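Please treat every number below as a calculation from the coordinates, not as lab data. These figures come from a predicted structure and were not determined experimentally. Note that each Cβ is placed from the backbone with ideal geometry, even for glycine, and that neighbours are counted across all protein chains shown.
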Amino acid sequence: MNYTSDEMMTVAAARALRDGAVCFVGIGLPSTAANLARRTHAPSLVLVYESGTIGAKPTSLPLSIGDGILADTADAVVSVPEVFNYWLQPGRIDVGFLSAAQLDRFGNINTTVIGADYRNPSVRLPGAGGAPEIAASCGEVIVVVRQSRRAFVDRVDFVTSLGYGRGRGDRERLGLRRGGPSRIITDLGVLQPEPETCEFVLTHLHPGVTVEQALASTGWALRVSPDLARTAPPTAEELSVLRALEATKGAA
Amino acid sequence: MAQLLPLAEAVAEVVRDGDTVAFEGFTHLIPFAAGHEVIRQRRRDLTLVRMTPDVIYDQLIGAGCARKLVFSWGGNPGVGSLHRFRDAVQHGWPAPLDLEEHSHAGMANRYVAAASGLPFAVLRGYVGTDLPAQTPNIAPITCPFTGEVLTAVPALNLDAAVIHAQRADRDGNVQLWGITGVQKEAVLAAKRSLVTVEEVVEVLEPKPGAVVLPTWAVGYVAHVPGGAHPSYAHGYSVRDNAYYQRWDAISRDRETFTAWLDALTGVRT
């Protein structure tokens, strides 16, 4: 069965979610991946959206974080202060999903500005949203982003959400009690932090992708894990569920 | 007691030049009609406050109503960038826009502090990010009991708050449900407030999970059916996703935007 690199990326992200986990979901690809996981191997996955919908079980893919289908199918709908203060901050969320305009080898994320001067940016991006506290307070963070030299940079122009700072030990020094990014899933493969340094190294290549392609699409000297593995291609079931899901986008 | 007024009169009472004003609504119940009325009344020098400045703030910024934006995420949800916001930040058109930038958790807590009558809120937030270096309103604070260093953000005290709700009764008691965001906190953080509603009813039937704002906590109520469009009112309308997509094209250049603005304000060209 043919599939696109975005489909591979979404399937890889879905597979990273274990059944029963509590997942803080952003709109777009993370939401698609979480809903795919819930319809395949992880029926008990708990979806929490920052709009305050806890345990949402949308029957169609939402187009925004606050679609009515999320409130209609949630176990509870709470206020925005509550979702951040009672549910995210104390560490009740296992997995957070983030994307990035830029990220570096330690998984630090920029979604604020491109350019060195914050007051006079070359591109003004949307900003932080819930990401800084998701990055700080979830048990682990999965970053989903297309791999390119523009996005995978030696140094991010702005740290919107902290990964591992300048390396191992920085999170602890800053008093962060949980997690950090556990993997970066791209359209080419998967990067995971090396335990000794917390630097992200290439651990998986998706089918048909070469190491050279991954290196050429990374703006730092990406290192390759000695245990480099191949991602299993999407199964027929994963693809058909994913496509059926995509077809429902915004249907509610 | 809240006063029931037509939209234009209520907006004139509540939103004044130079105000710090929040139009809240987290994707759901965004008070678009009231925002458009602010544009028609040509309010100026507003400090616009909103967690997610989306299309409504793109319109207010492009129309020249804003001097400053206090926010945590500025984008067109599910579509992409806000072109009028970007044009203001990157090129100062139609006027320069000061930014005060936070995270969602920081903004939510700032509303809570103001609604609670406290000078600041405490959270575990912003640690290790570059936001505190750009936003003076983010500062470390030491817990007097444990010695732990946390983050403080000041109360977000508003001159005015504007929200949209499903319904009110004739006494001006307001009821909203579905995704309720930070609307209650915004109203309680403000000196003046306006709630536009889909429906004015004789009796507010209790609704599980609904937020009720008693009339004595609300300034003005205006009956504006469809006042959240292209956002939605749970139980009354659905989100007009096509509008958000169209906005991307309309807002992309100054000319098409200006034509949109002229149509809104009734200028003949």
Excluding B:Ile56 itself, what net charge comes from residues whose Cβ is under 15 Å from its Cβ, given Lys and Arg +1 and Asp and Glu -1? 0
Please report the spacing between the Cα centers of the stretch A:122-137 and the stretch B:104-133 in Å, no decimals. 15 Å
Between B:Leu264 and B:Glu9, what FRET efficiency comes out of the Förster formula 1/(1 + (r/R0)^6) with R0 = 25 Å and r the beta carbon distance, rounded to 0.05? 0.85
Nearest-20 debye value, the protein assembly as shown charge dipole, Cβ charges on Lys, Arg, Asp, Glu: 480 debye
Cα→Cβ-extended label distance, 7 Å offset, between A:Asp117 and A:Glu194, nm: 3.7 nm
Charge sum, other residues only, whose C-beta stays under 12 Å from A:Val46's C-beta, Lys/Arg counted +1 and Asp/Glu -1: +1
Rounded to 0.05, the calculated FRET efficiency for the beta carbons of B:Asp248 and B:Thr142 at R₀ = 51 Å is 0.65
Relative contact order %, chain B, counting alpha carbon pairs below 8 Å whose residues are six or more apart: 24 percent
Who wins for biggest fluctuation among A:Arg38, A:Arg18, A:Arg124 in a Gaussian network model of chain A, springs between alpha carbons below 10 Å? A:Arg124
Links that overshoot a 32 Å alpha carbon limit, given the list A:Lys57/B:Lys191; A:Lys57/B:Lys207; B:Lys68/B:Lys184; B:Lys68/B:Lys207; A:Lys249/B:Lys184: A:Lys57/B:Lys191; B:Lys68/B:Lys207
Sum up the charges of everything whose Cβ sits under 13 Å from the Cβ of B:Ala33, counting Lys and Arg as +1 and Asp and Glu as -1, but leave B:Ala33 out. -1
Nearest 0.05, what FRET efficiency do B:Met1 and A:Ser60 give at R0 = 25 Å with Cβ-Cβ as r? 0.05
